[in-house]
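Student: Supplied in structure tokens, the structure appears directly below.
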Amino acid sequence: MLAGYTGKLLFVDLTEKSVSIRDLDEDLARNFIGGYGIGAKILYEMMPAGADPLGPENILGFVTGPCTGTKAFFGARYTLVHKSPVTGGWNDANSGGYFGPELKKAGFDAVFISGKAEKPVYLLIVDGKVEIKDATHLWGKDTKETWELLKRELNLPKLRVVAIGPAGEKLSLISCPINDGHRAPGRGGGGAVMGSKNLKAIAVYGTGKITMADPQKVTEINKLIAANIKKNPGAQAFSTLGTGSGTAVSALNGDSPVKNWAGVGIIDYGEEAAEKLSAANLDVHKVKKYACYNCPLGCGAEYQVKSGRWPLEATERPEYETACSFGALLLNSEADAVLMCNEICNRYGLDTISTGATVAWAMECYNNGILTREELDGIDLTWGNGAAIVVLTQKIATQEGCGAVLAHGSAYAAKTWGKGEEFLQTASGIELPMHDPRLGPGLARTYKYDPTPGRHVKGGIGLAQAFGAFPDKYNFSNTGPMDVAATASQEVENCAGFCTFMMNGGVMDAKEQYLAAVTGMPFTQEDTLKTGKRILNMRHAFNLREGFKPSDFTISPRALGKPPLTAGPLKGVEIDVEQLAKNFFTHMEWDWETGKPSLESLQALGGLEEVIRDLYGK
């Protein structure tokens, strides 16, 4: 077996109460790397088309990459894979922290869970031994309580846990599992899928060692990255202030959506409000910093809020996406409200992006007379009202009153209540991330047409455009080759188990060098393009088998500048997302009407025999 892998995959059927272990096929590892590459291949093979996302046939996978848990810097991530109860199609979401590395140390590259337990259970994995254990006493506990209880109960202080909170137990469609008390594979309803299986948590502990083919080479790459970080002011700012280091700037330059995507930061929000939510100001609560496994940056921080409306004994610095979704998106500049909403989401197991965006939708509906104060349980949801935002977030978490509907997201609420659809900011039903395509046009293609819609971590040219690359970014012709190459590169980076912030290390081919040194498998940038396209086709094929075609994917018009803003840095911008997508499809050799990849392109990539059989009968 290639180095970097444990070589073992764990399969659990909760209905049958059965556990089986299979060897990881080396061709599978070579062709699909890990993460959602391997995840998509296995779910495509094992899941029937049309499976109910909240039914026992849906398979939930927690999949590491070959570099996860190794000495390679930034190799801390695992990926959650399943069919989404939000979009009805393929879903993946990844998370850092320590759970992924611990799963590998416990003996497995991945765990795939099907079926439904008769009563609440958790999965315990300790050095290759697997048990399905009763979790009745944990049901109703929040994610942090669950972790602490299991550590004490099992007498394993270094136990790592990924758990759902009450939101996932109640099948909230915007719920997610939480690992390490605050890290989340947040998007697409993974918490609801866990809850539908009566699976409260997965607890892992291992003492195994993860081999590397060339440890000396890994050390050399690490040293180069560490040296680059030390002399890079931007990386140092990121290390000190975390992902929120640019929150204030983003709120004003057009990166952050403002006022439910209808506002202009410098006009509707303002410099003073933006600065109140800057990481530098939030860090007055900082107690200590922390990092994910083997990360040379360490972008996290623990806070303590000692006084005020919502004192918090121990909480976490909100990430950029969280600070924006509960800040500029709502015209809220009340820092304590943002910190409290972050804590609620972490404990109850809610995706902060979808939760904040759902509040934003309700807020705009309220301020336009679409939703009444009575319909919102008496909450005066005026723009920027921090106390009202916290109350509504708590109702979403507990599914009390109007929260019982809003807990399933804005699109669900609009459909259920039969109004407010014009104020939705979604891609195929999932709330949009906190980076505006009007600043980085390529994001529009990624948000709308990636097989996992509404994600800012899916590669493509959008973020590079937003952060200053491609000065001719509003020329929507000939973007296909660059967009495909950037997407393929991110596919490999994600599936290898790396954090996207590895870019701060200043080594352009770091993932290729690391993959070769860790696994012993030669890996070049040409391999990245081919492998990334193979993985992308696998995710795409999952959706094709579910009956999706390009015209089924949607995005709200505001994100495209329809109508264009009349002031600010994005004044007059309108995005031709269809042209961007046609460029991408052409270069991928996907048919624009059906989405079907050409037979020749699939054959050239290799490893996609099942897809070829299903699409072409060969």
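Student: Could you run through the stretch 387-446 and say how many residues are farther than 16 Å from Ala360 by Cβ and among the hydroxyl-bearing types (Ser, Thr, Tyr)?
Tutor: Selection size over the stretch 387-446: 4.
Student: Looking only at the stretch 486-509, which residues are small (Gly, Ala, Ser) and either under 24 Å from Asn537 (Cα atoms) or free of Cβ contacts under 8 Å to residues at least 12 places away in the same chain (or both)?
Tutor: Start the filter on the stretch 486-509 by keeping residues that are small (Gly, Ala, Ser), which leaves 486, 488-489, 496-497, 505-506.
Correct list: Ala486, Ala488, Ser489, Ala496, Gly497.
Student: Just checking, which of Gly35, Gly89, Gly65 is in contact with a Ser or Thr (Cβ under 6 Å, 6 or more places away or on another chain) and closer than 28 Å to Ala192 by Cβ?
Tutor: Gly35
Conditions tested, residue by residue: (1) among the aromatic types (Phe, Trp, Tyr); (2) modelled with pLDDT of 95 or more; (3) open to solvent by 10 Å² or more (accessible area, probe 1.4 Å).
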residue	(1), (2), (3)
Glu421	no, yes, yes
Phe476	yes, yes, yes
Asp483	no, yes, no
Met508	no, no, yes
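Student: Return yes or no: is Phe62 out of contact with any strand residue (DSSP E or B) (no Cβ under 7 Å at 6 or more places or on another chain), aromatic (Phe, Trp, Tyr) and touching a residue at least 60 places away in the same chain (Cβ under 8 Å)?
Tutor: no
Student: Just to be sure I understand the filter: pairs with C-beta atoms under 8 Å, separated by 6 or more residues or on different chains, first member in the stretch 111-138 and over 24 Å from Leu156 (Cα atoms) and acidic (Asp, Glu), second member in a loop (DSSP other than H, G, I, E, B) and open to solvent by less than 40 Å² (accessible area, probe 1.4 Å). Which pairs pass?
Tutor: Every condition considered, the pairs that remain are Glu118/Asn198.
Student: Still on this structure: Would you mind stating whether Gly181 is part of a helix (DSSP H, G or I), touching a helix residue (DSSP H, G or I) at 6+ places or on another chain (Cβ under 7 Å) and over 27 Å from Ala466 (Cβ atoms)?
Tutor: Spelling it out, it is not the case that Gly181 is part of a helix (DSSP H, G or I), touching a helix residue (DSSP H, G or I) at 6+ places or on another chain (Cβ under 7 Å) and over 27 Å from Ala466 (Cβ atoms).
Student: Anything in the stretch 170-201 that is surrounded by 24 or more Cβ atoms within 10 Å (Cβ to Cβ), within 17 Å of Ala117 (Cβ to Cβ) and among the hydrophobic types (A, V, I, L, M, F, W, C)? List them, or say none.
Tutor: Within the stretch 170-201, Ala192, Val193, Met194, Leu199, Ala201 qualify.
Student: Which one of Gly497, Gly532 is buried (at least 22 other Cβ atoms within 10 Å of the Cβ), in contact with a strand residue (DSSP E or B) (Cβ under 6 Å, 6 or more places away or on another chain) and within 27 Å of Val611 (Cα to Cα)?
Tutor: So the residue among Gly497, Gly532 that is buried (at least 22 other Cβ atoms within 10 Å of the Cβ), in contact with a strand residue (DSSP E or B) (Cβ under 6 Å, 6 or more places away or on another chain) and within 27 Å of Val611 (Cα to Cα) is Gly497.
Student: Considering only residues that are among the charged types (D, E, K, R) and touching a strand residue (DSSP E or B) at 6+ places or on another chain (Cβ under 7 Å), look in the stretch 1-22 and name the one that is most open to solvent (accessible area, probe 1.4 Å).
Tutor: So, considering only residues that are among the charged types (D, E, K, R) and touching a strand residue (DSSP E or B) at 6+ places or on another chain (Cβ under 7 Å), the one most open to solvent (accessible area, probe 1.4 Å) is Lys17.
Student: Go through the stretch 125-139 and report how many residues are within 21 Å of Leu60 (Cα to Cα) and open to solvent by 10 Å² or more (accessible area, probe 1.4 Å).
Tutor: Residues in the stretch 125-139 being within 21 Å of Leu60 (Cα to Cα) and open to solvent by 10 Å² or more (accessible area, probe 1.4 Å): 10 in total.
Student: If you don't mind, there's one more thing I want to ask. Restricted to the stretch 89-141, and to residues that are part of a strand (DSSP E or B), in contact with a Phe, Trp or Tyr (Cβ under 6 Å, 6 or more places away or on another chain) and of a type in the set (D, E, K, R), which residue is farthest from Cys176 (Cα to Cα)?
Tutor: Lys133
Student: Any chance the stretch 435-445 includes a residue that's among the hydrophobic types (A, V, I, L, M, F, W, C), surrounded by fewer than 24 Cβ atoms within 10 Å (Cβ to Cβ), modelled with pLDDT of 95 or more and touching a helix residue (DSSP H, G or I) at 6+ places or on another chain (Cβ under 9 Å)?
Tutor: yes
Student: Could you tell me which of the residues Gly497, Gly520, Gly547 is over 26 Å from Val218 (Cβ atoms), small (Gly, Ala, Ser) and modelled with pLDDT of 95 or more?
Tutor: Checking each option against the conditions leaves just Gly547.
The values are calculated or read from the model by the stated rules, or taken from the named source; none is laboratory data. Predicted model, so just to flag it, every value in this text is computed and none were measured. All Cβ positions, glycine included, derive from the backbone under ideal geometry; neighbour counts span all protein chains shown. Calculation scope for accessible area: heavy atoms of the full protein, side chains included, ligands and nucleic acids excluded. Shrake-Rupley method; radii C 1.70, N 1.55, O 1.52, S 1.80 Å.
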